[in-house]
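*Asks:* Before anything else, here's the structure in question.
The values are calculated or read from the model by the stated rules, or taken from the named source; none is laboratory data. In this text, all values refer to a predicted model and were calculated from it rather than measured experimentally. Here the Cβ is made from the backbone with ideal geometry for all residues, glycine too, and neighbour counts use every protein chain on show.
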Amino acid sequence: MIAKNHMVLVGSQEKPTLITNEGEAVAPPPRLVLELDVFLRLECYFRSTDKEFQVLGFVETHDNSFVVRDLVVPKHSSGAAYTEIDQNAFPALLDELEKAGKDIEKLRLQIHSHGDLPAYFSPEDVNTIRTAYACDWMISFVGNRACDWYARLDVFEPIPLSIALPIFISLPAVTPGQEEEWMCELKSRMGRSFL
Ligand SMILES: [Zn+2]
């Protein structure tokens, strides 16, 4: 075994970097994608209260995307600079979700607000990420009342790894019929140019 203090850099690459080049990466860089109603609900929660709060999300993986279609609000304590999930009530919530046919294995997103304070992963948040999750990966999300939002992916196995994730909204697809209707209206009201 190599002792830590005997680590000597021998390759030319000094720091690990995400490979984003299409020709070299196995997929485009990872991202967090919120379905529109999830985004609207979160935006409402964040904007509407100066208290810290906790929300959990069901995450599905598609290619390079972690997609969130469903949220759950667990019982939690909440203050101006404090929030914690009620650990006594949590097993009952998981039971309830399972009985409702939800896949609790997909509960991989932990969202919390810093209220009116700046949004960043505080040392307490990082400590929670390091110690609280009994799964191989988890996404954490922090925001504040100004809707300044940040997300990170933490992988715990086979080695611990943290990646900042960009957040996207998935807009519903517009049907061709709808587009036709819009274009008909536009064209019917476009007057002839005299120039
Ligand atoms: Zn925090």
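*Asks:* Consider the stretch 105-120. How many of its residues are more than 14 Å from the ligand (Cβ to nearest atom) and surrounded by 14 or more Cβ atoms within 10 Å (Cβ to Cβ)? Don't jump to the end; show me each part of the working.
*Replies:* We begin by selecting, within the stretch 105-120, every residue more than 14 Å from the ligand (Cβ to nearest atom); these are 105-109.
Those left that are additionally surrounded by 14 or more Cβ atoms within 10 Å (Cβ to Cβ): 106-109.
Of the residues in the stretch 105-120, 4 are more than 14 Å from the ligand (Cβ to nearest atom) and surrounded by 14 or more Cβ atoms within 10 Å (Cβ to Cβ).
*Asks:* Another question about this same structure. Pairs please, first residue from the stretch 152-179 and more than 11 Å from LEU32 (Cβ to Cβ), second anywhere and of a type in the set (Ser, Thr, Tyr) and surrounded by 13 or more Cβ atoms within 10 Å (Cβ to Cβ), Cβ atoms under 9 Å, 6+ apart in sequence or on different chains.
*Replies:* That search, which allows pairs on different chains as well, returns ASP154/TYR133; ASP154/SER140; ASP154/SER162; VAL155/SER162; PHE156/TYR133.
*Asks:* Can you tell which of PHE90, PHE46, PHE66, PHE39 is surrounded by fewer than 17 Cβ atoms within 10 Å (Cβ to Cβ) and of a type in the set (Phe, Trp, Tyr)? Write out each step before concluding.
*Replies:* Details: PHE46 fails: surrounded by fewer than 17 Cβ atoms within 10 Å (Cβ to Cβ); PHE66 fails: surrounded by fewer than 17 Cβ atoms within 10 Å (Cβ to Cβ); PHE39 fails: surrounded by fewer than 17 Cβ atoms within 10 Å (Cβ to Cβ).
Answer to the check: PHE90.
*Asks:* Any chance the stretch 134-145 includes a residue that's over 17 Å from LEU109 (Cα atoms), without any contact (Cβ under 8 Å) to a residue 24 or more places away in the chain and exposed (fewer than 11 other Cβ atoms within 10 Å of the Cβ)?
*Replies:* No, every residue in the stretch 134-145 fails to be over 17 Å from LEU109 (Cα atoms), without any contact (Cβ under 8 Å) to a residue 24 or more places away in the chain and exposed (fewer than 11 other Cβ atoms within 10 Å of the Cβ).
*Asks:* From (1) more than 19 Å from the chain's Cα centre (by Cα); (2) of a type in the set (Phe, Trp, Tyr); (3) at pLDDT 95 or above, pick out the condition that doesn't hold for PHE46.
*Replies:* Looking at each condition in turn, PHE46 falls short on (1).
*Asks:* Now a separate question. Within the stretch 109-126, track down each residue that is of a type in the set (A, V, I, L, M) and out of contact with any Phe, Trp or Tyr (no Cβ under 8 Å at 6 or more places or on another chain).
*Replies:* Selection gives LEU117, VAL126.
*Asks:* When the stretch 79-108 is examined, which residues are found to be without any contact (Cβ under 8 Å) to a residue 24 or more places away in the chain and either in contact with a Phe, Trp or Tyr (Cβ under 8 Å, 6 or more places away or on another chain) or among the aromatic types (Phe, Trp, Tyr) (or both)?
*Replies:* Within the stretch 79-108, just PHE90 meets the criteria.
*Asks:* So HIS76 passes all but one of these: (1) surrounded by fewer than 17 Cβ atoms within 10 Å (Cβ to Cβ); (2) touching an Asp or Glu at 6+ places or on another chain (Cβ under 7 Å). Which condition number does it fail?
*Replies:* Condition (1) is where HIS76 drops out.
*Asks:* Test PRO123 against the criterion of being closer than 24 Å to ARG41 by Cβ, loosely packed, with under 12 Cβ neighbours inside 10 Å, at pLDDT 90 or above and within 16 Å of the ligand (Cβ to nearest atom), and give yes or no.
*Replies:* It is false that PRO123 is closer than 24 Å to ARG41 by Cβ, loosely packed, with under 12 Cβ neighbours inside 10 Å, at pLDDT 90 or above and within 16 Å of the ligand (Cβ to nearest atom).
*Asks:* Related question: What pairs come up if the first residue lies in the stretch 109-122 and is at positive phi, the second is near the ligand (Cβ under 8 Å from one of its atoms) and of a type in the set (Asp, Glu), and their beta carbons are under 8 Å apart, counting only those six or more places apart or on different chains?
*Replies:* Close Cβ pairs (under 8 Å, with a partner that is near the ligand (Cβ under 8 Å from one of its atoms) and of a type in the set (Asp, Glu)) amount to GLY115/GLU52.
*Asks:* Restricting to the stretch 1-54, what's the tally of residues that are closer than 18 Å to SER162 by Cα, of a type in the set (Lys, Arg) and touching a residue at least 60 places away in the same chain (Cβ under 8 Å)?
*Replies:* Residues meeting the conditions: 1.
*Asks:* Looking only at the stretch 49-63, count every residue that is in contact with an Asp or Glu (Cβ under 8 Å, 6 or more places away or on another chain), buried (at least 18 other Cβ atoms within 10 Å of the Cβ) and not aromatic (Phe, Trp, Tyr) and tell me the total.
*Replies:* 2
*Asks:* Restricting to the stretch 65-106, give me the number of residues that are more than 30 Å from PRO172 (Cα to Cα), outside any strand (DSSP E or B) and acidic (Asp, Glu).
*Replies:* So the answer is 2.
*Asks:* Restricting attention to the stretch 169-186, does a residue exist that is within 16 Å of the ligand (Cβ to nearest atom) and surrounded by 15 or more Cβ atoms within 10 Å (Cβ to Cβ)? Spell out the reasoning first.
*Replies:* Taking the stretch 169-186 as the starting set, the residues that turn out to be within 16 Å of the ligand (Cβ to nearest atom) are none.
Scanning the stretch 169-186, I find no residue that is within 16 Å of the ligand (Cβ to nearest atom) and surrounded by 15 or more Cβ atoms within 10 Å (Cβ to Cβ), so the answer is no.
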